[in-house]
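The values are calculated or read from the model by the stated rules, or taken from the named source; none is laboratory data. If you're wondering where the values come from, they're calculated on a predicted model, not measured in any experiment. Positions of Cβ are generated from backbone atoms using ideal geometry, with glycine treated the same way; all protein chains shown enter the neighbour counts. Note: areas computed on protein heavy atoms with side chains; ligands, DNA, RNA excluded. Shrake-Rupley method; radii C 1.70, N 1.55, O 1.52, S 1.80 Å.
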Amino acid sequence: MARLPSITRAALIATSTLMWAIPVWAGGGGSVLLADPSKHFDAKGKEPSVFTIELQNGVRATLPFNDQRDFEEAKKGFISAPSYKRIMAEAGNVAWDMESYEWLLNGTRFDTIHPSLQRQAILNMAYGLYEVVPGKIYQVRGFDLANISFIKSDSGWIVFDPLTAKETAAAALAFINEKLGARPVVAVVYSHSHGDHFGGVRGVINEEDVKSGKVKVIAPVGFMEHAVAENVYAGNAMTRRMFYQYGVLLPRSPYGHVDQAIGKNTAAGNLGLIAPSVTISKPFEELTIDGVRMVFQNTPGTEAPAEMNTWFPDMKAFWAAENIVGSIHNIYTLRGAAVRDALKWSKGINEALYRFGGQADVMFASHSWPRWGNDRVQEVMRTQRDAYAHLNNHVLHLANQGVTINEIHNVYKLPKSLEQNWAAHSYHGSEPHNSRAVINKYLGYWDANPATLMPLSPRDSAPLYVEMMGGSERIISKGQDLYDQGKYLYAVEILNKLVFAEPNNQPAKDLLADVYEQIGYQRESTGTRNSFLAGAYELRNGIPKGASPKASGPDMIRAMSTDLWLDFLGIRLDGSKLAGQRFVMNLITPDNGERYVVELSNSTLTNIKGQQARHPDFTITINRSDLETVMMGQVTLDEQVKTGKAKLVGNRKGFDQIRRALVWFNMGFEVLPGTGGTSLTAPKDPFQQPSPAVNTLTD
């Protein structure tokens with residue numbers, strides 16, 4: 001580990017010394033895992049190999065590290081930092097901890113971290129209150145994954161993107177009021193439908209003020225639907241995959257979690273949601289709120305299904321939401337989500353560039369740091385516009401010449417001009433997985449080779465490979481040779497087969513973990529780094545009991561539509577237990593005037609809104625507000641019947657059979673063989689709705 005140039009160390013503020021401790025799990029979900037940065041946190045962990053060090057040195061020699069503009073911009077406008085580095089959650093756990101990353105600021109050059117990623121990780125250490133437009137626009141950075149922005153209006157604050165957690169948002173509001181004078185919040189703007197941009201809303205306003213009209217909550221069209229629905233159907237699998245993309249189990253260490261590309265990490269506090277009172281539905285729409293004129297640009301289908309930029313014409317300031325940040329983003333997010341449209345993203349940036357970019361004196365966003373001066377603003381806008389367009393166009397250029405989804409990640413490269421511009425680097429996304437995503441969007445997962453159309457499952461094919469390669473000892477020997485030569489991807493090919501064939505072969509798992517670790521050290525993207533290091537961790541140690549990302553909270557359950565809840569019941573149903581059964585139920589929720597038919601046939605549960613069966617087997621009448629308490633697990637449906645809040649009419653035999661056939665998904669399922677799993681407590685009632693996956697980490 002060598003020393004970094006002093007200009008890099010001095011670019012950001014460093015304060016107190018971190019007290020290193022054993023892992024501390026954050027109550028209610030989320031965790032802060034600490035480790036001594038001077039040594040590996042895992043007894044089986046390895047130092048970077050000579051090949052990894054050689055790669056890192058090559059990066060240091062070829063990328064434009066002399067370009068310090070990002071560091072200058074990241075510290076510009078700094079007003080003050082609080083004396084504390086930790087924010088506690090109401091539940092008693094640590095909601096936020098910047099202190100756990102301060103080893104990044106001691107000037108050490110870590111060969112376990114891709115040099116470009118280490119640079120980004122240092123930039124993301126900005127902490128405190130910053131001025132963006134003098135006397136008008138401010139940001140609090142480093143209190144959560146996202147930035148919270150404050151626009152000074154005639155009588156108060158307009159808050160843009162109130163972070164993930166109530167506690168961090170409240171701390172940010174208290175801090176800016178302490179430093180600049182107390183002002184009420186008159187409006188909140190949600191730029192898009194990811195949790196780190198709305199989850200802390202209850203820390204800055206209360207719902208009664210929204211209902212009374214005192215405070216406006218503004219969001220893009222489709223916000224409520226996508227804030228919840230995007231994370232329900234495959235929510236359990238998404239949450240499990242978060243262990244990989246976000247490195248949930250990795251201690252904060254040069255050998256583990258170092259950054260999350262567009263911020264340090266995500267707060268582990270109370271995530272809430274207050275429904276918007278104003279919806280921006282037109283492509284461009286102007287509003288004046290408490291003296292502040294804003295032009296909103298809807299950009300659906302870019303970084304989020306519902307998202308919008310904002311232009312402040314009187315301040316010549318452009319808010320880029322999460323469409324333009326200090327990283328090229330995910331076209332495919334590794335924890336799982338629908339593939340995004342890189343071309344549409346590029347066009348959205350281009351529209352903003354031509355409408356607003358020529359006038360903008362500053363561009364700021366929900367992550368990273370602002371860019372000042374019109375030339376700089378246009379440079380970054382054009383760079384990211386071109387990066388997304390090149391990704392889309394050149395991948396399809398290659399695909400139209402026969403390059404497949406299984407080859408594109410080894411073929412696609414950025415042009416040199418973009419590679420030499422920091423704004424075009426992929427810390428959140430990565431060129432390998434984004435390039436595969438483009439092909440998947442247009443051509444799907446199949447490469448047109450019949451051999452890959454319906455292949456054997458890995459656990460079925462692996463034993464044959466192991467047999468044909470001469471058994472485990474020969475594979476381990478060859479795998480070690482490949483590791484010793486730095487041929488890590490080749491080693492993965494054979495060791496992965498062995499681990500799937502022999503899940504209890506710990507030497508094989510340990511060697512594969514060593515390989516994954518070196519690949520992780522070499523990756524510039526946090527998602528790919530974390531995924532390989534998380535795989536190494538689980539291969540060596542298994543899945544720790546009780547390890548769980550935070551739940552999304554009751555507001556998200558309340559925000560689910562009844563038909564979304566019924567759809568997910570259909571996903572949870574183990575239809576094999578109801579083979580040959582038929583059942584028709586009417587569901588009535590009088591307080592919101594909704595009616596549904598729920599039908600079981602062919603081992604499948606379906607529902608339709610706005611209809612009632614003439615001859616149902618069973619009818620449930622319950623107010624939606626009372627149904628929500630069942631969905632949250634606060635009471636059971638039978639308890640609601642006993643108290644008279646629910647009425648059941650008809651033969652409930654089929655209804656009870658359905659209840660018994662509902663599966664409560666275990667989040668701790670194995671990803672890699674032989675790593676064990678976790679068991680979660682069964683719900684209070686089979687109809688309890690698991691919390692939607694937290695769609696933060698702004699995928």
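Structure values in brief
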| item | result |
| --- | --- |
| Orientation-averaged projected area, Cα convex hull of the chain (nm²) | 31.2 |
| Beta bridges per DSSP with both ends in the stretch 118-261, % antiparallel, nearest 5 | 60 |
| Magnitude of the charge dipole, the stretch 155-258, Cβ model with Lys/Arg +1 and Asp/Glu -1, debye to 20 | 160 |
| Positive-end residue, the stretch 489-628 charge dipole about Cα centroid, Cβ charges, pick of Pro554, Asn623, Pro544 | Asn623 |
| Hz values of 3J(HN,Hα) by residue in the stretch 446-456 - Karplus curve (6.51, -1.76, 1.60), Gly and Pro given as x | 8, 8, 6, 8, x, 5, 9, 6, 9, x, 4 |
| Average accessible surface area per residue within the chain, 1.4 Å rolling probe, Å² | 39 |
| Mean separation of Cα contacts under 8 Å (6+ apart) over length of the chain, as relative contact order % | 13 |
| Calculated FRET efficiency for the pair Asp574/Trp446, C-beta based, R₀ 41 Å, to 0.05 | 0.90 |
| Net charge dipole size for the stretch 258-332 [Lys, Arg +1 and Asp, Glu -1 on Cβ; Debye, nearest 20] | 40 |
| Calculated FRET value between Trp664 and Met88, using beta carbons and R₀ = 35 Å, to 0.05 | 0.70 |
| DSSP-defined antiparallel bridges as percent of all bridges, the chain, nearest 5 | 75 |
| Apportionment of accessible area to carbon and sulfur, the chain, percent (1.4 Å) | 52 |
| Angstrom value of the Kirkwood radius, inverse mean 1/r, which spans all Cα pairs in the stretch 399-514 | 16.7 |
| Förster-model FRET efficiency, 51 Å R0, Leu489 and Arg355, C-beta, rounded to 0.05 | 0.70 |
| Paramagnetic reach from Val50 (point 7 Å along Cα→Cβ, amide N under 14 Å) across the stretch 475-490 | 483-487 |
| Cα extents of the stretch 552-673 along the three principal axes, largest first (Å) | 49, 37, 26 |
| Solvent exposure, largest accessible area first (probe 1.4 Å, DNA, RNA and ligands not counted), of Asp154, Asp484, Asp259 | Asp154, Asp484, Asp259 |
| Interchain or long-range residues, amide H under 5 Å from Arg252's placed H | Leu33, Leu34, Ala35, His257 |
| Set of the stretch 639-659 residues, backbone N closer than 13 Å to the point 7 Å along the Cα-Cβ line of Gln612 | 649 |
| Candidate lysines for bridging to Lys642, where Cα separation is under 19 Å - those fewer than 8 sequence places away on the same chain excluded | Lys653, Lys684 |
| Relative contact order of the stretch 253-332, pairs being alpha-carbon contacts under 8 Å that are 6 or more residues apart, as % | 19 |
| Estimated dipole of the stretch 489-607 in Debye, rounded to 20 [Cβ of Lys and Arg +1, of Asp and Glu -1, Cα centre] | 200 |
| Over 24 Å between alpha carbons, listed pairs Lys211/Lys344; Lys166/Lys214; Lys609/Lys647; Lys316/Lys413 | Lys211/Lys344; Lys316/Lys413 |
| In sequence order, calculated HN-Hα J values of the stretch 81-88 (Karplus, 6.51, -1.76, 1.60; Hz; x Gly/Pro) | 10, x, 6, 8, 10, 10, 10, 8 |
| Two-decimal ratio, the stretch 450-518, of alpha-carbon radius of gyration to 2.2 N^0.38 Å | 1.09 |
| Among Leu63, Gln297, Phe687 - extreme Cα towards positive end, dipole of the chain, charges at beta-carbon | Phe687 |
| Dipole axis of the chain (+1 Lys, Arg; -1 Asp, Glu on Cβ), positive-most option in Gln640, Tyr190, Ile158 | Gln640 |
